[in-house]
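Have a look at the structure below before the remarks.
The values are calculated or read from the model by the stated rules, or taken from the named source; none is laboratory data. Remember, it's a predicted structure, so these values are computed and weren't measured experimentally. Counting neighbours? That spans all protein chains shown, and the Cβs are built from the backbone with ideal geometry, glycine included. These area figures cover heavy atoms from the full protein model, side chains too; ligands, DNA and RNA do not enter into them. Shrake-Rupley method; radii C 1.70, N 1.55, O 1.52, S 1.80 Å.
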Amino acid sequence: MVQTVSKTPLASLLDVASDIDAYDFSCKRLLAEKRVLARIMQRCLIEFRDYDVDTIAERFIEGMPLVSELPVDPDETGAFLSGRSQERASPTEGSVVFDICFDAVVPSTDETVKLIINVEAQADFYPGYPLLKRGIYYCARILSAQKETVFVKSHYEKLRKVYSVWVCTDVPKYYQNTITAYQMTESNYVGDVQADKEHYDLLSVVMIGLGEPNGERSEGLLRFLSTLLSAEMSVDEKKRILQDEFNCSMMEADEEVLSMGSLGQALVDKTRIESTLASIRNLMKNMGLSIIEAMNALEVPEEDRQRYIEALSK
């Protein structure tokens, strides 16, 4: 199939990375809105299935969610998370951080039981390793970091359950509009023993694969998130769907949504540009074509060719 590229000037190719970072942060900021988190919790976390979004947002989410502040691995001081307050260490520069992390109170418990919830916005579904394994690692990191923060010495009974929820925005077709949970279960190989579920049900990874807002199985939370995070839908259309179908006002998130519109298009353009660059390189390497011959085969517009040549030379 012949590939063509966006008409976006390639002179700004190296500047697009900063736009993509801003786009990613906008996604995180939108997901960190309490009523957005509440919708995710209501659909994906069994503890909140019987509660409405407003109640979850107002009563069960503690404090303000941390956005790109909490390091996945300890920094040089060994600090990670406090567990009982918002006094969490800032990451060292360049370290990997959780997208969103916050505490939540479990409803209908005799004593105050809390969860630690991590939400990740993920655009790259094939980063070179299985995302599910990374989700399990994130849960394990938050579990192990509770020692000397949530509990001290050998008081493991105080361990809090951890959720890691992954909102994947660019997934293969078979994964679109799906929600899948992975958690620990009890299996009796010999005999019939039943432990208290709260003693082993301590981590759960939830993978959400988004598709087109009007795609198959796109309803409920999936339609809500795919509309909210759409890079191509107009702001007015987003507002209409979110208000009419989900009674969700976009007043607080207007600035983020507006910025996502242009930045989202930058992301689309960057993807197309990189795809064409990769195709040119492959034709040159595997078919022995020159740059010009490769661009001829791909029907690259004349006005873009010099910029491709410069990009390839770098």
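Each peptide in 285-291, 45-51 receives the mean, over its residues, of other Cβ atoms within 10 Å, and ordering these scores from highest gives 45-51, 285-291.
Assign one of three labels to segment 133-228, namely rounded, prolate or oblate, based on the Cα gyration tensor with a ≥ b ≥ c the square roots of its eigenvalues; rounded applies when a/c is under 1.5, prolate when it is not and a/b is larger than b/c, and oblate otherwise. Taking the square roots of the gyration eigenvalues as a ≥ b ≥ c, segment 133-228 is prolate.
Quick check on packing: order 128-135, 202-209 by the mean number of other C-beta atoms within 10 Å, highest mean leading.
Working: 128-135: 13.2, 202-209: 21.8.
Per-residue mean Cβ counts within 10 Å order the peptides as 202-209, 128-135.
Just to confirm a number: summing +1 for Lys and Arg and -1 for Asp and Glu over residues other than Q176 whose beta-carbon lies under 15 angstrom from that of Q176, what do you get? So the environment of Q176 carries a net charge of -1. Charge tally for G211 (other residues, Cβ to Cβ under 9 Å; Lys, Arg +1; Asp, Glu -1): 0. Expressed to the nearest 5 percent, the antiparallel share of DSSP beta bridges inside segment 144-258 is 45 percent.
Counting Lys and Arg as +1 and Asp and Glu as -1 over every other residue whose Cβ lies under 12 Å from the Cβ of S154, the net charge comes to +1. Loop-located GluC sites (Glu not before Pro) in segment 111-169 (DSSP state other than H, G, I, E, B) with a sparse environment of at most 15 neighbouring Cβ atoms within 10 Å: E111, E148. You can think of it this way: the chain between Q194 and N286 has 27.2 nm of extra reach, that is 0.36 nm per residue less the Cα-Cα gap.
Shown are M184, M41, M64, whose ranking by accessible area with a 1.4 Å probe and every protein chain present, most to least, is M64, M184, M41.
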